[in-house]
Amino acid sequence: MTERAEIGADNDPSFASEAETRRTADSSERAYLSIRKLLVEFKLKPGERINEVQLSRSLGVSRTPIREALNRLASEGFVSLTPNRGFFVRSLSTEGLLDLYELRSIIECAAFKLMCERADDSEIDRLRQYWEAIVDVYPNQPPDIILAEDEGFHLLIAELSGNPELVGQLSSINARIRFIRRIQIEHPSHDKAQITSHSAIVEAAVKRDAENGAKLLREHIEMTVSATQQALKDALLKVFAPDNGAELKRRRRGREG
């Protein structure tokens, strides 16, 4: 009787499929990180249509990982998808920004008050532990980490409110302002006093001081608006007038000559 040969890893269809899935996931992650870096460094200009073919060639990956990365970036608010036209870099604009921050303030203040009413002591302690675990290193983290940890802090308050609709609404707002917030965090106007306000908000939560905590949250959100507007103005100058410094030097040399 002929023995059935064992199927080795190289000949196992399921193994090959898993390996291909891993390769695709790795390519998608590399594409995501590369494109995100291009976006936050303004190598892709705001409002510009994204050329998927060109990205595929320059990054050395197929169109599939590029499309997966762009869909992920669209869900995070860094790019937008227009049906039948493709992906576009998010525009840098203050239009609607104040409305979004106002809505964010309303949602977060309501969430804080509900948290104080509904959350038990162990749940309130989750917020305290979250902040105490990151407070010492928070200001010295890379901008992407600061942004993620800040969003996590505010989303945790919404979660502890016991109302999943508030979490969903806040997540939606975060997606719409994330690109702009990422710019502001890296800008010199980013205020380290936000660390103190986070700590004060946690202290109010522990005391279940709903009114004071909501007031602190409202002030915390409002203090970023003017700084964000300035960061956007500077970003626009950086993007659309990149050669101003070189032009100024050329003019100076012309006068000296």
For region 94-238, what's the relative contact order in percent, using C-alpha pairs closer than 8 Å and at least 6 residues apart? 38
Note: Ile145 to Glu117 extended length (0.36 nm per residue) minus current alpha-carbon separation gives 7.0 nm
If the chain between Glu219 and Lys43 were fully extended at 0.36 nm per residue, the gain over the current Cα-Cα distance would be 60.0 nm
Heavy-atom accessible area ranking, 1.4 Å probe, most first, across Met223, Met115: Met223, Met115
Regarding region 94-238, what's the average projected area of the Cα-atom convex hull, expressed in nm²? 7.9
If a/c stays under 1.5 just call it rounded; otherwise compare a/b with b/c (prolate if a/b is bigger, oblate if not). Do that for region 126-173, with a ≥ b ≥ c from the square roots of the Cα gyration tensor eigenvalues. oblate
Probe 1.4 Å, all protein chains in place: accessible area of Phe87 in Å², nearest 10? 0
Using alpha-carbon positions, what is the distance between the centroids of region 30-102 and region 138-159, in Å? 22
Contour excess over end-to-end distance, with Cα ends at Arg63 and Asp125 and 0.36 nm allotted per residue: 17.7 nm
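The values are calculated or read from the model by the stated rules, or taken from the named source; none is laboratory data. None of these values were measured; they are calculated from a predicted model. In case anyone asks, the SASA skips ligands and DNA or RNA and just uses the protein heavy atoms, side chains included. Shrake-Rupley method; radii C 1.70, N 1.55, O 1.52, S 1.80 Å.
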